[in-house]
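Novice: Let me begin by handing over the structure; questions about it come next.
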Amino acid sequence: MLDPKLIRTELDVVAKKLANRGFTLDVEKLATLEEQRKELQVRTQDLQRLRNNSAKAIGKAKASGEDTAPLLAAVADMGDKLNAGEAELREVQQELDSILMGIPNLPHDSVPIGIDENDNQEIRRWGEPQDFAFEPRDHVELGEKLTGMDFETAAKIAGSRFSMLSGSLARMQRALIQFMLDTHINEHGYTETYVPYLVNADSLRGTGQLPKFAEDLFQMGDDGYYLIPTAEVPLTNIVRDVIIDDSDMPRKFTAHTPCFRSEAGAYGKDTRGLIRQHQFEKVELVQIVRPEDSYDVLETLTGHAEKILQALNLPYRVMSLCSGDMGFSSAKTYDLEVWLPAQNTYREISSCSNFEDFQARRMLARYRSANGGKPMLVHTVNGSGLAVGRALVAVMENYQNADGSITVPEVLQAYMGGIEIISAE
RNA sequence: GGAGAGGUGCCAGAGUUGGCCGAAUGGGCUUGAUUCGAAAUCAAGUGAACUCUCACGAGUUCCGAGGGUUCGAAUCCCUCCCUCUCCGCCA
């Protein structure tokens, strides 16, 4: 959520920045509602004050044994008036809130302005895509040859966009998870965290998935639970409604969780293989930081995700997403794109964002600075470190051999009982 | 799932014949006094959100959440959530 004060005082500037990400702000409606809100709120609070004073006077009169009848008569119709006023205010406030909750974050000044992914800006590249002496196969073909990847059985058990891994490939996925977690815990200072995979609506509102993107989520029956689309939701909501002591800042969480996405509106997109699934594994990085640190942290956190790719020796590039391609809650996002030889292109494998105080304001996540004073909103920064399914795809495709076997990256061998090569079983 | 108890400020813990309760008391914390310094002691201060105001300041809301009764609710009524104890079941 944006700062309501900012919207009040600099509506035109806000509208202009939002236009850069393709969002049209109904300036006139907002201004009208805000005017109504102000008038109604002042009037209602005034009535409440009157009521409070009258009630006190009646209490005193009664205590001293005076006749309260005239006082009671004077406030006879106040209740109705107040109720009507409160109802009217609530209505306007709710409409205002629902508009506010649907406004995306403002892009940071360093974000390239653009319409879609074609306007994203490449920041740097790491590693050299290798020249294969043969025609590289894609991961689906490799998986078939190795017999460890089964989409048909998954479709039977669940449906389309699900997958099943078995044998060495399943083990390699687990190795990737362990390797990522260990790296972030031991080398990057994150706290390993185990979180619920079902969350309530408040948590999803806090991070920005609700109210606008309900169709992307899997909702459980009518008990109010949703499957998490990312560990960002439970991890970030750890600090919802919390005032963090300065000495406990920053907070750094990492977790491995499955992620569930309905992928509504993605029909026909990336239907082949593991790239876009209803269920996938991800290791997530979340940092709760002081406002002045958040942009430095975005760089280091992105570096933490890059570290994994480097250790796996997978070529990648870092893209700064343009204003039009960024997610709803983000002020600035770097995507890491890994090289996939079969597709002869780079594909997203991690997304690292600074949300500034956008999520913090929705969650009322604050900290008290060392020199006291009012609690201040924290900044939240998070990123995938990394998407595990896609990492598995990248390893398979980049480490494939002419005979369809796959060399196990050195850093994963210890996690796989010393296996150096995966071949058909 | 069954039975019972309970959810109050940073913590502990009063307040349940509705009014003087944003809330006693103790602890903690901050500042000051005392001290060479510290401990102890004494004094004062110490919740959050929001609104109006250039500002000083004023006001509203919040005692798990949401409704209701009332001129007035932490206190009464209803619904829901959560915690604890015992029993059952279960990995």
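Novice: Please list, or write none, the lysines whose alpha carbon is within less than 26 Å of the alpha carbon of A:Lys16, excluding same-chain residues fewer than 8 places away.
Specialist: By straight Cα distance, A:Lys16 reaches A:Lys5, A:Lys29, A:Lys38, A:Lys212, A:Lys332.
Novice: Under 5 Å between amide H atoms, partner at least 5 residues away or on a different chain: which partners does A:Ile244 have, H built in plane at 1.01 Å?
Specialist: So A:Ile244 has HN proximity to A:Arg366, A:Tyr367, A:Arg368.
Novice: To continue, here is another question. Which distance in Å, rounded to a whole number, links the C-alpha centroids of the range A:329-371 and the range A:54-100?
Specialist: Between the Cα centre of the range A:329-371 and that of the range A:54-100, the gap is 47 Å.
Novice: What's the center-to-center distance, using Cα atoms, between the range A:104-147 and the range A:296-321 in Å?
Specialist: Answer, in whole Å: 12.
Novice: About its Cα centre, how strong a charge dipole does chain A have in debye, to the nearest 20, once Lys and Arg get +1 and Asp and Glu get -1 at the Cβ?
Specialist: 1120 debye
Novice: Using θ = phi - 60° and the Karplus form 6.51 cos²θ - 1.76 cosθ + 1.60, what ³J(HN,Hα) does each residue of the range A:33-42 get, whole Hz, x for Gly and Pro?
Specialist: Values per residue, Gly and Pro as x: 4, 5, 5, 4, 4, 4, 4, 5, 5, 4 Hz.
Novice: Determine, for each peptide in A:271-279, A:395-403, the mean count of other beta carbons within 10 angstrom over its residues, then list the peptides with the highest first.
Specialist: Most protected by this proxy first, the peptides run A:395-403, A:271-279.
Novice: Once both labels are modelled 7 Å past Cα along the beta-carbon direction, what's the A:Ala311-A:Asp223 spacing in nm?
Specialist: The answer from the label model is 3.7 nm.
Novice: While we're on this one: What number comes out for accessible area per residue over chain A if the probe is 1.4 Å? Units Å², please.
Specialist: 48 Å²
Novice: Ordered by residue, what ³J(HN,Hα) values in Hz, to whole numbers, does the range A:284-289 give under the Karplus form 6.51 cos²θ - 1.76 cosθ + 1.60, where θ = phi - 60° and Gly and Pro are x?
Specialist: Values, residue by residue: 10, 10, 10, 10, 10, 10 Hz.
Novice: Where the only charges are on Cβ atoms (+1 Lys, Arg; -1 Asp, Glu), what is the dipole of the range A:26-101 about its Cα centre, to the nearest 20 debye?
Specialist: 540 debye
Novice: Something else now. Using a 1.4 Å probe on the protein chains only, how many percent of the accessible area of chain A belongs to carbon and sulfur?
Specialist: The C+S portion of the solvent-accessible surface of chain A is 48 percent.
Novice: Suppose only helical runs count, i.e. DSSP H with n ≥ 4. What mean residue ellipticity at 222 nm does that imply for chain A under -39500 (n - 2.57) per run, divided by all residues and rounded to the nearest 500 deg cm²/dmol?
Specialist: Computed mean residue ellipticity for chain A: -12500 deg cm²/dmol.
Novice: Would you kindly find the accessible area of A:Phe151, with a 1.4 Å probe and non-protein molecules such as ligands, DNA and RNA excluded, rounding to the nearest 10 Å²?
Specialist: Accessible area of A:Phe151: about 60 Å².
Novice: Next up: From the phi of every residue in the range A:360-374, what ³J(HN,Hα) in whole Hz does the Karplus formula 6.51 cos²θ - 1.76 cosθ + 1.60 yield, where θ is phi - 60° and glycine or proline is x?
Specialist: 4, 5, 5, 8, 6, 9, 9, 9, 10, 5, 4, 8, x, x, 5
Novice: Roughly what would the spin-label model give for A:Ser166 and A:Asp116, points 7 Å off Cα along C-beta, in nm?
Specialist: 4.0 nm
Novice: Next question. What residues have an amide H closer than 5 Å to that of A:Cys259, excluding those fewer than 5 places away on the same chain, when H is modeled at 1.01 Å from N in the peptide plane?
Specialist: A:Phe280, A:Glu281, A:Lys282
Novice: Evaluate the distance, in nm, between pseudo-label points positioned 7 Å from the Cα of A:Glu91 and of A:Lys60 along their respective Cα→Cβ axes.
Specialist: About 3.7 nm separates the two model spin labels.
Novice: Pick out, from A:Ala76, A:Asn313, A:Leu100, the residue whose Cα sits farthest towards the positive end of the charge dipole of chain A, with +1 on the Cβ of Lys and Arg and -1 on the Cβ of Asp and Glu.
Specialist: Projecting each Cα onto the dipole axis, the largest value belongs to A:Ala76.
The values are calculated or read from the model by the stated rules, or taken from the named source; none is laboratory data. What you see is a predicted model, and the numbers here were worked out from it, not measured in a lab. FYI the Cβ positions are ideal-geometry reconstructions off the backbone, even for glycines, and counts take in every protein chain you see. Note: accessible area is taken over every heavy atom of the protein model, side chains too, but ligands, DNA and RNA are not part of it. Shrake-Rupley method; radii C 1.70, N 1.55, O 1.52, S 1.80 Å.
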